[in-house]
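The values are calculated or read from the model by the stated rules, or taken from the named source; none is laboratory data. Nothing here was measured: the structure is a model prediction, and the numbers come from that model. Glycine also receives a Cβ, built like all others from the backbone with ideal geometry; neighbour counts cover every protein chain displayed. SASA here: full protein model, heavy atoms, side chains in, ligands and nucleic acids out. Shrake-Rupley method; radii C 1.70, N 1.55, O 1.52, S 1.80 Å.
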There are 2 protein chains.
Amino acid sequence: MKDKRTHIIETAMNLFAGKGYEGTSIRDIAESASVNLAMVNYYFGSKEKLFESIVKYKSSLTRVLLDEILHNTKFTYIEKIDAVIDSYVERLFTHRSFHRLIYHELILNQRDELQTSIVDNLIPNSIIIKNIIEAGIKKNEFKKVDIELTIATLIGTINQMLLSKKFCNRLLNKELSYVPYDDVKFRKRVKNHLKQLMHSYLIN
Amino acid sequence: MKDKRTHIIETAMNLFAGKGYEGTSIRDIAESASVNLAMVNYYFGSKEKLFESIVKYKSSLTRVLLDEILHNTKFTYIEKIDAVIDSYVERLFTHRSFHRLIYHELILNQRDELQTSIVDNLIPNSIIIKNIIEAGIKKNEFKKVDIELTIATLIGTINQMLLSKKFCNRLLNKELSYVPYDDVKFRKRVKNHLKQLMHSYLIN
DNA sequence: TTTAATTAAACAAACGTTTAATTAAAACAT
DNA sequence: ATGTTTTAATTAAACGTTTGTTTAATTAAA
């Protein structure tokens, strides 16, 4: 049996991701997690501290993955970019409810402290990508591009697909019941698109 | 003096965009708009119907702009893409609170009817871009690319910048008080990035 | 005189949080 | 090992607010 604290965190994460922070009540969370209402405040102190616990619990994993790619000396720079794309698509599509939660919180301007902590957790990932592109330019493997906006394109394309299943399916002309994110073929398609895009944009 | 109904809609839009649907109370709206609490329900029936009124009120404008570009025979296809980029960046950056509101609602899976209506309003814009790229490929001006994901890249890049001022400024190494969206230089920078990206990706 | 607009007050329901009482677990001394 | 004490976990109930909505009365406009 799982740790009760962890169980509450994971239940709350899925509810927050689907219904938003204000849209999810502590009673919702307690019922879904099959624990007493008061247990949530007993473990986390308050609703907002629960939210912060979720962010802390889930973060830092992505950074480790990207760091490995950055320091892998077997890769050329464009191969590193390819590896970043593979890693990002897999990670965001798999943990999509968490990432929806993060971007939902970012898009609102409430809870300044929490937003700062989210940005603090996201930016290091961007910096790793920045380092790769910068090094690629220095070694003349890459053209001189707008690095920051290239990162925005990379992450933004994936986020655009992640935003809403309904929008995604309408754009792709798929039926309503289709779940693109779990489809290996679709993941491959997104990876291929981003790789081709980056190859033609970055390489001399 | 403005129409009272319109005044409520515009006030509510800004509040919803900043604090989300559940985070904004009718009392908030009434106070900000300097009208009596009961007037909101008097004019719109309910909070949810007010929300729908906002979406209907603001939509359709973008479509007209894109349609003009699509049917302008003076443009080559890549020039049409450039025009779409200019038009999108200007529109989304200027009406950013409305677009944040839309994407905030999309990212949640609540209120199915409303989400459907948002998607119905967004998809035609994507189809216009699709038509341009398709025609460009047919006339051999463009390479054979993944059209749907190219659209996701176009819109996703802009949305990624629009998501959060804090994230945007940290990525760009700007100070906290800087407002990138109103800066003409920054708009130009985003446009240039997207154009160069699309040129190297689309053109043979 | 009739209709529309506006108001303050009240409604029930849901919210996050706290309390006080009870049960289970852990630590301790014998 | 046993009984005792102390701490942690769990519960149902209640707290004071805030929520969206409705009502009934009043004022303005047609």
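So which chymotrypsin sites (Phe, Trp or Tyr not before Pro) in the range B:159-191 end up in coil per DSSP with only 15 or fewer other C-beta atoms within 10 Å?
Qualifying residues, ordered by number: B:Tyr178.
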Please name whichever of A:Leu108, A:Ser87, A:Ile69 sits farthest to the positive end of the charge dipole of the range A:68-122, dipole taken about the Cα centre and charges placed at Cβ: Lys and Arg +1, Asp and Glu -1. A:Ser87
Looking at the range A:97-112, residues buried by 40 Å² or more relative to their chain on its own, accessible surface at probe 1.4 Å, turn out to be A:Tyr103, A:His104, A:Leu106, A:Ile107, A:Leu108, A:Gln110
Assigning unit charges at the beta carbon (Lys, Arg +1; Asp, Glu -1) and nothing else, what dipole magnitude in debye, to the nearest 20, does the protein assembly as shown show about its Cα centre? 620 debye
Exposure ranking of A:Asp82, A:Asp182 by accessible area [1.4 Å probe, largest first]: A:Asp182, A:Asp82
Log entry: pair-distance distribution for the protein assembly as shown, C-alpha pairs binned every 20 Å from zero, whole % per bin is 25, 58, 17, 0
Report the charge-dipole magnitude of chain A in Debye, nearest 20, computed about the Cα centre from +1 at each Lys and Arg Cβ and -1 at each Asp and Glu Cβ. 540 debye
What residues does the range A:161-198 have that are buried by at least 50 Å² of accessible area in the full protein assembly compared to the chain on its own, 1.4 angstrom probe? A:Leu163, A:Lys166, A:Phe167, A:Arg170, A:Leu171, A:Arg189, A:His193, A:Leu197
Can you list residues from other chains, or at least 5 along the same chain, whose modelled amide H is less than 5 Å from the amide H of B:Phe142? B:Ile137
Aspartates and glutamates within cross-link reach of B:Lys138: Cα-Cα under 20 Å, excluding same-chain residues under 8 positions apart? B:Asp67, B:Glu79, B:Asp82, B:Asp146, B:Glu148
P(r) for the range B:52-202: what percent of alpha-carbon pairs falls in each 5 Å bin, starting at zero? 2, 8, 18, 21, 19, 15, 11, 5, 1, 0
Among A:Met13, A:Gly23, A:Tyr43, pick out the residue whose Cα is farthest towards the positive end of the charge dipole of the range A:1-45, where Lys and Arg carry +1 and Asp and Glu carry -1 on C-beta, about the Cα centre. A:Tyr43
Residue-wise HN-Hα coupling along the range B:24-34, computed from phi with Karplus coefficients 6.51, -1.76, 1.60 (Hz; x: Gly, Pro): 9, 9, 4, 5, 3, 4, 4, 5, 4, 8, 6
Using 0.36 nm per residue, how much length does the chain from A:Asp28 to A:Val179 gain when fully extended, once their Cα-Cα distance is taken away? 51.8 nm
So for chain A, averaging the separation of alpha carbon pairs under 8 Å that are six or more residues apart and normalising by length, what relative contact order in percent results? 22 percent
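If you count only protein heavy atoms with a 1.4 Å probe, what accessible area per residue comes out for the protein assembly as shown, rounded to a whole Å²?
45 Å²
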I'd like the Karplus ³J(HN,Hα) series for the range A:191-200: coefficients 6.51, -1.76, 1.60, θ = phi - 60°, whole numbers in Hz, and an x wherever there's a Gly or Pro. 4, 4, 4, 5, 5, 4, 4, 5, 4, 5
To the nearest 100 Å², how much accessible surface do chains A and B hide from each other in total, with a 1.4 Å probe? 4800 Å²
Summing -39500 (n - 2.57) over the DSSP H runs of n ≥ 4 in the protein assembly as shown and dividing by its residue number, what mean residue ellipticity at 222 nm do you reach, to the nearest 500 deg cm²/dmol? -24000 deg cm²/dmol
Heavy-atom accessible area of the protein assembly as shown with neighbours in place, 1.4 angstrom probe: carbon+sulfur share in percent works out to 50 percent
